[in-house]
Amino acid sequence: MKRLLVGAAVGMLALMTVTGPASARTFGAVYANDAIYRVFGNAANVPDGTGTDPFAKFTNSTNADQFGVAEFAPGSPTGHHGGRWAVYMASWTSGDPSTLVTSWSQLESLVSSGQVSLVRNEAADFRCPVLGDPQPIG
């Protein structure tokens, strides 16, 4: 009887291991290097201010297709740390808030021209893996 109970418990743990993570993932998208990548939510603890990869979230974009913009993604030559994001809040201050921003270099250009402000939000740092196989935009 003890062997049967242990076997049943091991079977339940194996089933939970297989089905638990898949149902726990929420997929989304992020722009990086003028491509769109799939991402999934992860409940990992990331203490405030410990993010390493720059990620911008728009606060006032009017473009329904605007997702966050990451500086790095899988395949970036240097700098990618697996999706431990240092969050910045991007806000349109002038220009056209319906503009679709799809790369960090485009975002930097908008910031330097005064069209977008970029403010670090350490309390919003998070972990969210970026999946390979990016899709072209459009």
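The table below gives the values:
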| quantity | calculated |
| --- | --- |
| Shape call, the range 22-138: gyration tensor on alpha carbons, a/c limit 1.5 | prolate |
| Charge sum, other residues only, whose C-beta stays under 11 Å from Arg127's C-beta, Lys/Arg counted +1 and Asp/Glu -1 | -1 |
| Intensity falloff of the range 45-99 expressed as log10 I(q)/I(0), Debye formula with alpha-carbon point scatterers, at q = 0.30, 0.31 Å⁻¹ | -1.12, -1.16 |
| Proximal charge balance of Leu110 [Cβ under 15 Å; K/R count +1, D/E count -1] | -3 |
| Distance (nanometres) between label positions extended 7 Å along Cα→Cβ at Asp48 and Ser112 | 3.2 nm |
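Rule-based calculations on the coordinates, nothing more; no lab input. Quick caveat, the model's predicted, so the values are computed rather than measured. Neighbour counts are summed over all protein chains in view; Cβ atoms, including those assigned to glycine, are modelled from backbone coordinates with ideal geometry.
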